[in-house]
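Structure record follows, encoded as C-alpha cells.
The values are calculated or read from the model by the stated rules, or taken from the named source; none is laboratory data. Values in this document were obtained by computation on a predicted structure and should not be read as measured data. Backbone-built Cβ (ideal geometry, glycine too); neighbour counts: all protein chains shown. Protein only, heavy atoms only, side chains kept; ligands, DNA and RNA dropped before computing areas. Shrake-Rupley method; radii C 1.70, N 1.55, O 1.52, S 1.80 Å.
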Amino acid sequence: MMRAASWAYLILAYGFIYLPVMTLVLFSFQGSGLPVPPFDGPSLQWYGEVLGDRDVTDALIHSLTVSLGSSAIAVALGFCAAYGLARFILPGSALIRGLLIAPITVSYLIVGLGLLIVLTNAGLALSLLTVAIGHVVINLPLAFAIIYASMGAQQQNAERAARDLGAGELQVVTLVTVPMVAPAIAAAFFLSVTLSWDEFIIAFLLSRFDITLPVEIWSMLSSGLSPRLNAVGSVVFLVSVAGVLILELLVLRRRRA
Amino acid sequence: MTADVTLSGVSHNFGDFRALTGIDLQIAAGEYVTLLGPSGCGKTTLLSILGGFLEPTSGAVHIGGRDMTRVAPAKRPTTTMFQDYALFPHMSLHDNVAFGLRMAGMGKAQRHAVADEKLAMVGLGTSGHKRPHEVSGGQRQRVALARALAVEPDVLLLDEPLGALDLKLRRAMQDELKAIQRQVGTTFVHVTHDQEEAMAIADCIVVMNAGRIEDAGPPARVYRRPATLFTADFMGEMNHLPAKVDGSGATTALGTVPADGIRPGAATVCIRPEALSTGAGTLDLGPATLRDAAFFGTHIRAHLTPEAAPGLTLVAHLPPGASAEPGTRLQLSAEPDAILVYPEDSP
C-alpha cells in the first residue's frame, strides 16, 4: 500500500513538472491550426513552416551567437577573477569576492532596466551586443563562483611544480591550471549557455531590430495561439536539453570516474 | 650535473616569527645531505629558500658559485620533489616527466626519449602512457623523482619524500634513492624528521632545531659524538645522568667519568642504551636492578634502577639471549669512548 502511494506520489510530482512541457511538445505535432485537444497529428507541418520562416531562423542564430559568445566571455572573465583571487593575496579580497557574486541576488528585471539606462545614456545603440553584455552581467557571478570553488591546494602545488620546472606564468595557466579546472570551466560554460539561451527579460529590454528566440516567441504570441509557437518552443527546449546532456556526459560523468 | 651549495648567514622571518637564524652551511657537489629535525625546526623553510620559493630575510644562497638568493625557481639549477608529489593529473606519466624539458624548448621526440629513459631508471619504463591516478602512491613518487631529475638539475631538493609511504616501501625507496643519487651524481638535499631515514641515506646529516643548525656531519659521527645535547637526544634514545665537572672528570651518582675539555660546573653525562653493558668493563658503573624488560628481536630493552641512585632509571639494550627477569641484579659498565658530557647550559 505504502509502496503504491509512493509510486503515485512520484508520478504526480514528475507529472506536475513535465506535463506543461510534454503538452507543448505534443501539440507542436498538431495537424490542425489550434494547439488544443483533441490531438489530430502527428504532423511536421508546423516545424516545416517555422524553419522556413526567416524571422525565426534569424532569431535562432542570434540566440546561439549571443549565448555562446556571452558565455565564453563570462567564463573567461570568471576564470581570471577566480585565478587572481585564489592565488594572490589582494587587499580587500573578501569584499571583491562578495561584489562579484552579489549580482546573483539581483532580479533580471533590475539588471535589465539598469543596463538599459546606462547603455542608452552611454550612447550605445541597442543590439545583440547589448543583449550579450547583459548576459555576461548575469552569468559572470555564476561562472566565477563555480570556477573559484574548484581551485584548491592541489592545483596550487601543481602550479608550483610547473614553475619549478621552468614554466612561465602564461604556461602555468594554460598548461596546468586550465586543464586541471577544465571540468569546472566546462560546467560554468554550459550552464551559462543554457541560462542565456532562454533568457527573456534582459534580451527583450536590450534588443531592438535583431532579436533572440525568446523575444521572437513573445512577438509571435501577440498574434494568438498557434502550433507554430509550440514548434519553436520545442526547438528551444530541445537545445536546452542538449546542453544539459552535454554537461552531464562530458563533465559530470567524467568527474565521477 | 651537480653543484655545491653555500648558505651564508641565512635568516628568515615570517612576520614576527623567526623561522631561521644565521644558517651557515656548505654542501659539497654530489653530496647526499639530509636536513633533520622536529616539526617547526625550520628545515622545510630552508629547503624552500634553496628552491627559490622563499626569499630569505637576510643572508645569501650560492649554488655552483653563483648568487641565487633572489633568483626565481624556474631560473635555478634546482628542482624540488614535493611532499605530495604535485604531479599533473591531466597528463600521462610520460608528459609529466617530459614537462621540464618541454619548458626548456626540447623537441617532442627527443624529450619523450629522455622521459622514457628516466621512467626506466625508476622502474616504470612500461607505464608511461598511464595517468597519475592509475598508479600507486609509491609509483607516483617515483614519477615525481623522474620528473625532477629529467631536467638534469645541479641540486635536487626532496621535501619529506617518503612521508606518505608505509614502512617497508619506505626502506626500499631509501635504498633506491641513494642508488639513483650515486648514479646521477646530483647533489641531493632531503628533508626528513626521521633520524633512521637520515642515517640510512645521507652522506651528511644536518640536525636543526628552533631555526638553527645544531650539528652537521657524517651519520656515524653525528650519532656517536653529537655536538650538542639536543642532537644527542634527537638522534636516538639517550640516558641522562646529572653530573658535576671538576679537574678529575665528571662526577655522577654512578661514579666519575672522563670529561676532558669540558668546563667545570654542572653538566649532563649521556650514555646510549646499547653502550651500557653488563659484567666487567673499562668503566664500572656499579650494580643495578632490572625493573622490567621487553624483547625487540635484536635486543632486549630493559629499564634498570641503579643501586647508587634509586631515583634514576636507565635504559639498556641487553643481548637477546640474556635473562630478563624483573629483580635480576646486574653489574653495569661502559667503554669511556661511548660516554658524552655536555655542560649544563649548552645550547
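Which shape class, rounded, prolate or oblate, goes with the range B:237-343 when its Cα gyration tensor gives a ≥ b ≥ c as root eigenvalues, a/c under 1.5 marks rounded, and past that a/b bigger than b/c marks prolate? Prolate, because a/c is 1.5 or more and a/b exceeds b/c.
Accessible surface buried by the B/A pair amounts to about 1600 Å², both sides summed, 1.4 Å probe. Within the accessible surface of chain B, defined with a 1.4 Å probe on protein heavy atoms only, the carbon and sulfur portion equals 53 percent.
Within chain A, helices built from complete DSSP H runs that reach 27 Å or longer along their own axis (Cα positions) and carry a mean Kyte-Doolittle hydropathy of 0.0 or higher are A:2-27, A:54-87, A:128-150, A:227-246. A:ARG208 contributes about 140 Å² of solvent-accessible surface, heavy atoms of the protein only, 1.4 Å probe.
Placing unit charges on the Cβ atoms only, positive for Lys and Arg and negative for Asp and Glu, gives the range A:90-204 a dipole magnitude near 160 debye about its Cα centre.
Expressed to the nearest 5 percent, the antiparallel share of DSSP beta bridges inside the protein assembly as shown is 75 percent.
In whole angstrom, note down how far apart the Cα centers of the range B:108-140 and the range B:250-272 are. If you average the Cα positions of each part, the centres end up 56 Å apart. For chain B, DSSP calls about 75 percent of its internal beta bridges antiparallel. Counting lysine pairs in the range B:22-165 that sit 8 or more residues apart in sequence, or on different chains, and whose Cα atoms lie under 24 Å apart gives 6.
Counting Cβ atoms of other protein chains within 10 Å of each residue's Cβ and taking the mean over peptide B:79-90 gives 5.
Just to verify a number: FRET efficiency for B:GLN26 and B:ASP292, C-beta to C-beta distance, R0 = 51 Å, to 0.05? Efficiency at R0 = 51 Å is approximately 0.65.
Please report the net charge: other residues with Cβ closer than 9 Å to the Cβ of B:GLN83, K and R +1, D and E -1. Local net charge: -3. One Cα centroid belongs to the range B:273-347, the other to the range B:187-217; the line between them spans 28 Å.
Accessible area per residue (1.4 Å probe, heavy atoms of protein chains only) ranks A:SER222, A:SER43, A:SER6 as A:SER222, A:SER6, A:SER43, with the largest value leading. Eigenvalues of the alpha-carbon gyration tensor of chain B, scaled by 5 and square-rooted, set the equivalent ellipsoid semi-axes at 46, 25, 15 angstrom, largest first. Taking chain B as a Gaussian network of alpha-carbon nodes connected by springs under 10 Å, the highest mean-square fluctuation of the residues B:ALA98, B:ALA308, B:ALA109 belongs to B:ALA109.
Maximal additional length on extending the A:LEU12-A:GLU169 stretch stands at 51.0 nm, based on 0.36 nm per residue less the C-alpha distance.
Each peptide in B:89-96, B:324-331 gets a packing score, the mean of other Cβ atoms within 10 Å over its residues, and the list from highest to lowest is B:89-96, B:324-331. The residues of the range B:37-55 listed by number as losing at least 50 Å² of accessible area in the complex, against the isolated chain and with a 1.4 Å probe, are B:PHE53.
Averaging the Cα positions of each part gives two centres, and for the range A:183-257 and the range A:51-100 these lie 15 Å apart. On the range A:135-257, 69 percent of the accessible area sits on carbon and sulfur atoms, based on a 1.4 Å probe. Per residue, chain B reaches -7500 deg cm²/dmol at 222 nm when only DSSP H runs of four or more residues are counted, each adding -39500 (n - 2.57). With respect to chain B, whose longest principal axis is taken over its alpha-carbon atoms, helix B:167-184 is tilted by about 60°. For chain B, the longest principal axis of the alpha carbon atoms and the long axis of helix B:108-121 meet at an angle near 20°.
The charge dipole of the range B:40-177, taken about its Cα centre with unit charges on the Cβ atoms of Lys, Arg (+1), Asp and Glu (-1) only, comes to about 200 debye.
Dipole check for chain A: with +1 at the C-beta of Lys and Arg, -1 at the C-beta of Asp and Glu, and the Cα centre as origin, the magnitude is about 880 Debye. Counting only residues at least eight positions apart within a chain, or on another chain, the lysines with an alpha carbon under 23 Å from that of B:LYS168 are B:LYS178.
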